[in-house]
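> Structure below; questions to follow.
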Amino acid sequence: MSLSFDQLHGTNKRAAEILLGNDRGGYTVPSAKLYPFQWNWDSALVALGFSVFDPDRAWQEVESLLSAQWDNGMVPHIIFWKEEKSYFPGPEQWGTTDIAKAPPTSGITQPPVAATVIERLLAEDIDAHRDRAAKLLPKLDRWHQWFLDARDPDGRGVVAIMHPWESGRDNLPDWDRPLSFVDTTGIGGYHRRDTDIVNKDERPKNNDYDHYMALVRFGRDCNWNTDIIARDCPFWVAEPGMNAILRRAESDLIRMARCLGNDDIAARATARFARLDAGFELLWSETVGGYVTLDLRRGEHAIGLTSGSWLAMFAGPVEPARATTMASTLTHWLDQVEHGVPSFDPAHELFDSIRYWRGPVWAMINWMIATGLIEHGETDLAERIRRDTQSLIDQSDFREYFCPVTGRGGGGTDFSWTASMSLYWAARPETLPIPAHLSQSTAPTGTADQENT
Ligand code: GLC
């Protein structure tokens, strides 16, 4: 049941006001100054917040996102709906105008959390939303297929990213070593805009930015040709966040397709799920004791756990012994900081409590981690994370992210996905999947059978 805007109060009302303030008519910008376009996974997660008080607007958000799908199936990470010179790198740097048609977009994707979100929007009222969901299913199906074709052409069962930005966790220490092999000759002389708006201690360093721009140049030079990228891109890395979100998205797509009677999509998604399910094991590192990034060019595991490691539980069932180990390591992480969940191991020498993705807490990652924990019966830990998230917002408002040590807010202000998560989590504290009898559940070994745990 959705509420009306007038029924919201206090923090919830303010969260809804932020969403409305960042609404640009059918799509929502993450933060007015810092990110003035539509971002892929931001938009999907923002739809959850809108669903609390305006379901129609929530559907519009995912519809506008998927309307920018490329012919090859990719859904881009940024959609440049309007010209806006204050952002870098803009359409000229990405060079996709011929491929993306109108409007121009970036040339990479982001974690495909959209299917999981759409499943939740549908589950709110299946009869009311059946037609809208049915129109989006083929787009999700094509996007998910693109991931396997373009980003796992060798059939290993893990999808690669070709740019740190594709992971959505832009500046993780995981990228340091794989990025060191990227040639930055001739890069430079560009003007970053992010550090005009946000303190530079909170943003990636210039050297990192040079590497990001070198990878944009690589993609643009090959016209974003996925065969060339898969064969030659110097950065080719599989990471647990992206792979977990995709694996979960497949099981949510299967559930929706069954509910709506689309057997073809259900069958294709089931096959993809099986491949991803088997491949996920490649990310397990016995040395680190968890799921970590794998540099596919060199066959090397990363040296530390990140907040993406915990998303393995969001992806689907983790075998009990591993789930227990993960829960106790996560508890140990939380015990070392005031507010969880840090984006990187707080005991690691590369931990940096306020610099972008090298330590800070993100509300939407917390929501995904907590959802996975609930599905594994770890309800106390999930509740601890929910409370931590809310206390960060109470202390520092709806910032882009938060310092796990002091609770200070960082990055952009009046941030859409922080507002959305706060609102949605308060309104829907439990997971709300499509009931099993409606998904005719002969689900794969995914999350579909876990709704009552
Ligand atoms: C940053 C984040 C990315 C997000 C974008 C807009 O680039 O790392 O995940 O999508 O900001 O909020």
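> Quick one: pull the percent of accessible area on the chain belonging to carbon and sulfur, 1.4 Å probe, ligands and nucleic acids left out.
48 percent
> On to the next question. Mind checking which lysines have their Cα closer than 22 Å to the Cα of Lys135? Skip sequence neighbours fewer than 8 apart in that chain.
Leaving aside lysines fewer than 8 places away in the same chain, those within reach of Lys135 are Lys101.
> With all protein chains present and a 1.4 Å probe, how do Phe351, Phe398 order by accessible area, largest first?
Solvent-accessible surface, decreasing: Phe351, Phe398.
> Rounded to the nearest Å, what's the spacing between the alpha carbon centres of the stretch 270-341 and the stretch 69-105? Just the number, please.
What the calculation gives is 32 Å, centre to centre.
> I would also like to ask the following. Using +1 on the beta carbon of Lys and Arg, -1 on that of Asp and Glu, and nothing else charged, what's the dipole of the chain about the Cα centre, debye to 20?
Dipole magnitude for the chain comes out near 520 debye.
> Further question: What 222 nm value per residue comes from the helices of the chain, counting each DSSP H run with n ≥ 4 as -39,500 (n - 2.57) and dividing by all residues, nearest 500 deg cm²/dmol?
Calculated mean residue ellipticity at 222 nm is -15000 deg cm²/dmol.
> Exceeding 23 Å between C-alpha atoms, which entries from my cross-link table qualify? They are Lys33/Lys205; Lys13/Lys139; Lys33/Lys200.
Lys13/Lys139
> For Ser4 and Thr379, what does the FRET efficiency come to when R0 = 30 Å and r is the distance between their Cβ atoms, rounded to the nearest 0.05?
E(calc), rounded to 0.05, equals 0.45.
> Put a dot 7 Å past each Cα toward the Cβ at Leu20 and Asp170; how far apart are the dots in nm?
Result: 3.0 nm between the two label points.
> Modelled label-to-label distance, Thr287 and Thr331, 7 Å Cα→beta-carbon offset: nm?
My value for the distance between the label points is 2.8 nm.
> So with the 1.4 Å probe, I'd like the accessible area per residue for the stretch 117-246, rounded to whole Å².
Counting only protein heavy atoms, the per-residue value for the stretch 117-246 is 37 Å².
> Gln110: net charge of surrounding residues, Cβ under 13 Å, Lys/Arg +1, Asp/Glu -1, itself excluded?
In short, -2.
> Right, next: Pop the C-beta distance of Leu350 and Asp98 into the FRET formula with R0 = 41 Å and round what comes out to the nearest 0.05.
Using R0 = 41 Å, I get an efficiency of 0.55.
> Per 10 Å bin from zero, what fraction in whole % of the C-alpha pairs of the chain is there, up to the bin with the longest pair?
4, 22, 35, 29, 9, 0
> Then there is this: Per 10 Å bin, what percent of the C-alpha pairs of the stretch 90-150 does each bin hold, from zero upward?
Bins of 10 Å from zero give 19, 36, 32, 13, 1 percent of pairs.
> While we're looking at this one, here's another question. Can you give me the distance in nm between label points at Lys13 and Arg428, each placed 7 Å from the Cα along the Cα-to-Cβ direction?
About 2.4 nm, to one decimal.
The values are calculated or read from the model by the stated rules, or taken from the named source; none is laboratory data. Note that the coordinates shown come from a computational prediction; the quantities given were computed from them, not determined experimentally. In this analysis, Cβ positions are derived from the backbone assuming ideal geometry, glycine residues included, and neighbour counts consider all displayed protein chains. Each accessible area value is taken on the protein alone, full model and side chains, heavy atoms only, with ligands, DNA and RNA left out. Shrake-Rupley method; radii C 1.70, N 1.55, O 1.52, S 1.80 Å.
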